[in-house]
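What follows is a single structure, written as structure tokens, with notes after it.
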Amino acid sequence: MSLLKGQMIAPDNWETKLGAALGDGLRYGTLFADSRGLVCILFDKDDNGSCFRTEHSSNVASLVQSAPAAAWAEREAHETHGITFAGHSPLRPLLAHTSDWTIPVTGPDQHEVAVGPVHAGIIESGHFLLHVVGERIYMLDLRLFYKHRGLEQAAVGKTLSEGLRYAQRMCAGCAVANTLAYVMAAESLLQQPHDETTRVVRTILLELERLWNHLNDLSAICAGVGFAAGSMGFAALKEQAQRINQSLFQHRFLFSTIAIGSSPIVPERGQAAGAIDEIHKIWEQASIVFGAFERNGSVQDRLTQVGVLSYRMASRLGAVGPAARASGVVRDARTSSPELAYDGFQAAAPRQPAGDVMARTGMRFLELAESCTMLPALLERYQQLPPAAGQSRTRRLPELPRHHVGLGRVESARGETLCCIESDKGKISRLHLKTSSYANWPAVAQAVAGNVMGDFPLINKSFELCYACVDR
């Protein structure tokens, strides 16, 4: 967690200053607008954040030439705060579903195929408009942001403790990651440390969430190619993982397990020992199921060289998590998370980062192996530590100079999640949550282009992104 002081930039120097910083090796993190202006977070090679701010202006130069990953953020800022980004053309709607949201495509034998927004699964709304020539996909237009839940705006004016519920409820699948990113941002504003037991418990929670998510995603990929043995096998293991969540933390999706400065729920020592045995069993069975998956030639043929996301495109679009690492972008927030118990962690990477569906599937299995190794060690470590401090009272927010941002950064099951909080007189004046799904949806559109229609569901499942996380 870190407390960032905003460096003020004149609106007419916005792109010049930030473009130079990006050219010097800084990495784009996130961008958002409020009534006062724009805020942009950049990271150096050691993942230290820097905050840049400009006063509200109706027109600033776009960053998309230097940081293509900023495209969605600029479109959102344009719609919510009326800022025009010179050089970003066309500045299409992102949140509003107007008649001109698509890119028009013309030519012989060109057709449009619509998928959604209502889907067969129990998921949020998402509309995929596929432009096809014959069976070949020429382009995919994404249309998300259906619910307009307004959770970030609803948190404004609340205390830091009250605001936690809005971050947690953005998505059930990422409840721990989103909540923890928020709490880390809040604790940086409060300058509030926590004890070693809390540090270990939070890491256990994050890895338990990763465990069930990866098992669920492996099941979905197997379902996408009709490999029932894999689909059912991984789904059964996902159920076992969520039962571990229930036994240790009283909730299958691990809701209400993290609070500012403390761990409101901690496992009983006997339950922790039982969970270690269950995790060993999950890994043993997962290895068997994945072995059958690897030996099935027809399954492998469906995954190889399908939905390729190149290293160059993954880097340009700011892709994160397993999807980025499968393309060779080896970046993992767990390698630089001193607030968590990832001591000495090194990110796994595939031997051949081909960037296709097979590489993304293999990457998830590598991370599954990591979690099944880390969790027993963390649970053993937890049993040797003193009890965690009880629910602590949130300290009064210290008097801070203007333009300070509390930043939390967490590696979720889908990749880097960032949370930024600004405060005014002890209340939240701005909450911004950029999830890994928000970062990766543009990469899905890129990976789909050039493939046949029948492979679209499989490519989409290989990213397995959240709709709710972006509809915040």
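Within the group R360, R364, which residue is out of contact with any His (no Cβ under 9 Å at 6 or more places or on another chain), assigned to a helix (DSSP H, G or I), among the charged types (D, E, K, R) and open to solvent by less than 20 Å² (accessible area, probe 1.4 Å)?
The unique qualifying residue is R360.
Is the range 309-319 home to any residue that is in a loop (DSSP other than H, G, I, E, B), in contact with a Leu (Cβ under 9 Å, 6 or more places away or on another chain) and either surrounded by 13 or more Cβ atoms within 10 Å (Cβ to Cβ) or in contact (Cβ under 8 Å) with a residue 24 or more places away in the chain (or both)?
Yes.
Being open to solvent by 40 Å² or more (accessible area, probe 1.4 Å), under 28 Å from the mean Cα position of the chain (by Cα) and under 17 Å from N59 (Cα atoms) is the filter here; which residues of the range 9-26 pass it?
E15, K17
Please work out which one of (1) crowded, with 19+ Cβ neighbours inside 10 Å; (2) in contact (Cβ under 8 Å) with a residue 60 or more places away in the chain; (3) part of a helix (DSSP H, G or I) is the condition I276 fails and give its number.
Failed condition: (1).
Which members of the range 427-444 meet the condition of being open to solvent by 20 Å² or more (accessible area, probe 1.4 Å) and over 22 Å from L180 (Cβ atoms)?
P442
Sort out which residues of the range 279-308 are hydrophobic (A, V, I, L, M, F, W, C) and in a helix (DSSP H, G or I), and write them in order of number.
I279, I282, W283, A286, I288, V289, F290, A292, F293, V299, L303, listed by residue number.
Of the conditions (1) in a helix (DSSP H, G or I); (2) surrounded by fewer than 19 Cβ atoms within 10 Å (Cβ to Cβ), P338 satisfies every one except a single condition; which number is it?
Tallying (1) in a helix (DSSP H, G or I); (2) surrounded by fewer than 19 Cβ atoms within 10 Å (Cβ to Cβ), P338 fails exactly one: (1).
Does A154 meet the test of being among the aliphatic types (A, V, I, L, M), free of Cβ contacts under 8 Å to residues at least 24 places away in the same chain, open to solvent by 30 Å² or more (accessible area, probe 1.4 Å) and farther than 21 Å from I459 by Cα?
Spelling it out, A154 is indeed among the aliphatic types (A, V, I, L, M), free of Cβ contacts under 8 Å to residues at least 24 places away in the same chain, open to solvent by 30 Å² or more (accessible area, probe 1.4 Å) and farther than 21 Å from I459 by Cα.
Keeping to the range 8-31, report how many residues are more than 21 Å from E416 (Cβ to Cβ), among the hydrophobic types (A, V, I, L, M, F, W, C) and not in a strand (DSSP E or B).
Qualifying residue count, the range 8-31: 3.
Which number in (1) open to solvent by less than 20 Å² (accessible area, probe 1.4 Å); (2) modelled with pLDDT under 90; (3) in a loop (DSSP other than H, G, I, E, B) marks the one condition that G355 misses?
Evaluating G355 over (1) open to solvent by less than 20 Å² (accessible area, probe 1.4 Å); (2) modelled with pLDDT under 90; (3) in a loop (DSSP other than H, G, I, E, B) leaves (2) as the failure.
Of everything in the range 145-160 that's among the aliphatic types (A, V, I, L, M) and outside any loop (DSSP other than H, G, I, E, B), which residue is nearest to Y467 (Cα to Cα)?
Per the criteria, the residue is L151.
Give, as residue ranges, the helices (runs of 4 or more DSSP H) completely inside the range 161-269 that count at least 3 residues that are open to solvent by 10 Å² or more (accessible area, probe 1.4 Å).
By residue number, 196-224, 228-249.
The values are calculated or read from the model by the stated rules, or taken from the named source; none is laboratory data. The shown structure was predicted, so the numbers you read here are calculated from the model rather than taken from an experiment. For neighbour counting, all protein chains shown are included, and Cβ atoms are generated from backbone atoms with ideal geometry for every residue, glycine included. To get the accessible areas, we keep the full protein, side chains included, count just its heavy atoms, and leave off ligands, DNA and RNA. Shrake-Rupley method; radii C 1.70, N 1.55, O 1.52, S 1.80 Å.
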